[in-house]
Each structure stands twice: as C-alpha cells, then as structure tokens.
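The values are calculated or read from the model by the stated rules, or taken from the named source; none is laboratory data. These figures come from a predicted structure and were not determined experimentally. No Cβ is skipped: glycine too gets one built from the backbone with ideal geometry, and neighbour counts run over all protein chains shown. Surface accessibility is based on the protein's heavy atoms, side chains included, excluding ligands, DNA and RNA. Shrake-Rupley method; radii C 1.70, N 1.55, O 1.52, S 1.80 Å.
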Amino acid sequence: MSEAEITRMKQKTTPVPLGTLIGRELRSDKVEQPTIKYGQAALAKKGEDYFLIKPDCQRIPGNPLTSFSVFAIFDGHNGISAAIFAKENLLKNVLSAIPEGVSREEWLQALPRALVAGVLSTILIFLTGETSGTTVTFVVIDGWTITVASVGDSRCILDTQGGVVSLLTVDHRLEENEEERQRVTASGGEIGRLNVFGGNEVGPLRCWPGGLCLSRSIGDTDVGEFIVPIPHVKQVKISNAGGRLIIASDGIWDALSSDSAAQSCRGLPAELAAKLVVKEALRSRGLKDDTTCLVVDIIPYDHPILPPTPRKKQNVLTSFLFGRRSQNARSNKLSAVGVVEELFEEGSAMLAERLGKDFPLDPNSGLFRCAVCQADQPPSEGLSVNSGPFFSPASKPWEGPFLCATCRRKKDAMEGKRPSRPTITA
C-alpha cells in the first residue's frame, strides 16, 4: 500500500467530540423507544448452560439516549470453560470491533460485522488446550431493531403482534443442515454416526475427528478445523406494535417447536412466560438436557405490558437483498401489526465475505488493526495479500480485510486450507 493511500486513511479517521455525538442522538431520537421487560427460567441436568442479561448498555457512556440491551445463551459441552469464557468476554469483544464516534444508524450498520469479529476474537484468546466448547445465541436490541448472532443449535424466535413466529437463527446441527454437511465434507471432514458392536450406526450425524454433532461452535480445540465459530447473523426491524423474543438452549427446542413455544406463553408477562416454556418442555420430554429460556418483551412505550396478540393473520415481510442492506430500503415508519423488515442476513463461513475488504488504520501510530483480534501491527507484519509460508503457490490472493499472522493461520484452518508441503523424492 502506498504512502498516499495511508495518508488518505489517516485523514478519514478524526475523533468526534462527545457533545457532537450526543447532539446526533438527540436529533435522531424522533420515535419513542420501546420498553424492554424480560424473564428467565432454567433447569439443570449437566450444569453447562449459561446466560447473559444486560438491559442497560449504552453506546455513549452516561447518555441514556444511546441505550441498548443484550441477551445471550451459551450452551456448553465437554465442560463449562468455553461457555463461561464466552459469557465474560464476547460482549466487550463485539463492542471493541465497532468504530468509535459513529451515529446510531452507523452503529447498527456496523453491528453485524462486529458480531463476527467479536466471536472470532473470543475464540482466538480462549485458553490454549481447552477442549470444551459452547454454542451462543447473542441478541442485541436497539430500539425496534433486533440483531442476532448464532453459533450452534441454541435458537431465537420472534413472535410478532400479528401472531406469526419467525426464526432469527439457523441451527448448525449436521443432522438437519445440508449446507453445513456439504461445507464440512468439501473441507475434508468426515460425517457419520457412531458405530456400535455389529456395525450398526446410532445417534445423530457427527463430524470426525472429534465426533461433534454441531458444525459450528466456540472452542472445541480438539476437533477438526471444519468446526468453525463464524456466526449466522440476522438483523430485523419490527413495527412499533412490539413483539416477543424467546431465546433458549436446545433443551427447549428438542421438546417444543417454535410455534408451540410461542403459543404456550402468549398473554403472560415475560417472567411467567419463561417459566411456562420450561415447564412445557419438561412435560413433553422430561429433563434430558440443560434447559434454559429467556423471554424478552419489546413493548410499545405507552403500554405497561405487551398488548394481547390478535387473531393470526398473514405476515408482511419486507425482504431485502440476502447478505447486504438494500440501497433502496424504506425509511417510512412501520406501523402495521406484524410487519418485520429484514435489514441484513448472512451465514457464510468465509471470512472474506463476512469482514469486508477494508484496512483499519490508527491515525496516530500508522499501524493497521487486525479485523479479528483488533491487535495493531505494522503492515509488513500482517497479511492482506497472498504472501508468507501459509499458502500454496496456486492459492488465490486474499481479498479480505487486514489480518495479523495468527488470525490468518486460523482463517485458513477454518476454511479447510493447509500450508503447502514440499514433495520428497527418493
């Protein structure tokens, strides 16, 4: 990269005074924000489920107009270390990946990418040698906008006031996700069931080596590189009639369908609703796994509770380009009951498609910032083009964001690539 290009990048990044940021928020705060009420319930079988509730976050510390809420579930396996580590570190890693001094609209636009970088940063600093893993369903609510990142098979559903249930996550179970099976086998992984005496196969489909039945997870350092931590991300905007989110581990979804879970608790406050969903799952299947449920009500500002759900009707879905924001997105206020405006959705496991092609530059130090771990390094020490010992001569140039050497190695491993090895002849 030329000195002129670096100079232009420096000129683009100038600090914004706090007063200016608050002024932007005041001018953009034209619509009354909803009230958030929530409830939580859980029953433990193995004690590996954890959850995060942060209803009072602020984009600008000290400014209540910049508030947003975070709710998350972490369903651990093979131990609790990964779930605890992700619970304690994921939020700060996501926030550190969002540029400072941006407006609310810019913040929301940057959030899907930051969720990917935050998850990757979390796994890269996870304790070396740990073999535990965890799913994560991570939900950010800012006004009427809901952004969900999911890895694994914990699920988040949206029950709108139109009585229509929408799935905001994608299950990464090999048994149920054909696209993930194709990705794993194309990367060199093997998929099959457990073999028992006599050659009979039992249980769900699993990825070998490791035997994990999920294709995406945080942790699991002892399984193949085919198990990736890259989340599916979806962002929607609901109408000002409000709606309800049900976020739960697979202990719920193995017993109840999305529609059944939503219908079982309609009309109840969030605290009672969460308890009833867990009770229904227990009644249906018994306690065979950790069972955790969060219910979050997004309530119109002039209602003390979520209004009763009217008779079920056709859902109106404004769908935009898959994986990117529409250039012609509507800006008019959504007032029809049950309207869900889809703003963003992407689930690719390829980092170049998820993190873009920009090269963040610190204007003070002249260092580039790794898009994943957020570490600052001189351009010569990172990798932004095809270089270094990690690639075969025939590999294509890297067209993604700036990555440090460590994150580049992890990126290649996650995409099933191997360093070239010299051919030994006798």
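Taking amide H as placed 1.01 Å from N in the peptide plane, Lys45 has its amide H under 5 Å from the amide H of Asp290, Thr291, each at least 5 places away in sequence or on another chain. Note on surface exposure: Ser187, Ser284 rank Ser284, Ser187 by accessible area, highest first, 1.4 Å probe. Within the full protein context, the accessible area of Arg183 is estimated at about 40 Å² for a probe radius of 1.4 Å. For region 181-258, taking Cα atoms only, Rg and Dmax work out to 17.2, 59 Å respectively. Taking the 1.4 Å solvent-accessible surface of region 201-259 as the whole, the part contributed by carbon and sulfur is 49%. The listed residues Tyr301, Tyr38, Tyr50 rank as Tyr301, Tyr38, Tyr50 when sorted by accessible area, largest first, using a 1.4 Å probe.
Summing Lys, Arg as +1 and Asp, Glu as -1, what charge do residues with Cβ under 10 Å from the Cβ of Asp153 carry, Asp153 excluded?
Values: positive: Arg155, Arg173, Arg216; negative: Asp75, Asp171, Glu175, Glu176, Asp250, Asp254.
Here the count lands on -3.
The mean sequence separation of alpha-carbon pairs under 8 Å and at least six residues apart, normalised by the residue count of region 137-197, gives a relative contact order of 21 percent.
Just add up the charged neighbours of Asp171: K/R +1, D/E -1, any other residue whose Cβ is under 14 Å from the Cβ of Asp171.
Numbers: positive: Arg155, Arg173, Arg181, Arg216, Lys234; negative: Asp75, Asp153, Glu175, Glu176, Glu178, Glu179, Glu180, Asp250, Asp254.
Here the charged neighbours net out to -4.
Taking the accessible area of region 58-100, probe 1.4 Å, and keeping the other protein chains in place, the carbon and sulfur fraction comes to 53%. Electrostatic tally near Ile305: other residues with Cβ closer than 14 Å to its Cβ, Lys and Arg +1, Asp and Glu -1, net 0. Under the combined filter of DSSP loop state and at most 14 neighbouring Cβ atoms within 10 Å, region 179-229 retains none of its GluC sites (Glu not before Pro).
Report, in whole Å, the centroid distance computed from the Cα atoms of region 150-206 and region 70-108. So the separation of the two Cα centres works out to 23 Å.
Computed on the Cα atoms alone, the convex hull of region 113-182 gives a volume of 129 cubic angstrom per residue.
Think of a 1.4 Å ball rolled over the protein heavy atoms: region 216-291 then has 33 Å² of accessible area per residue.
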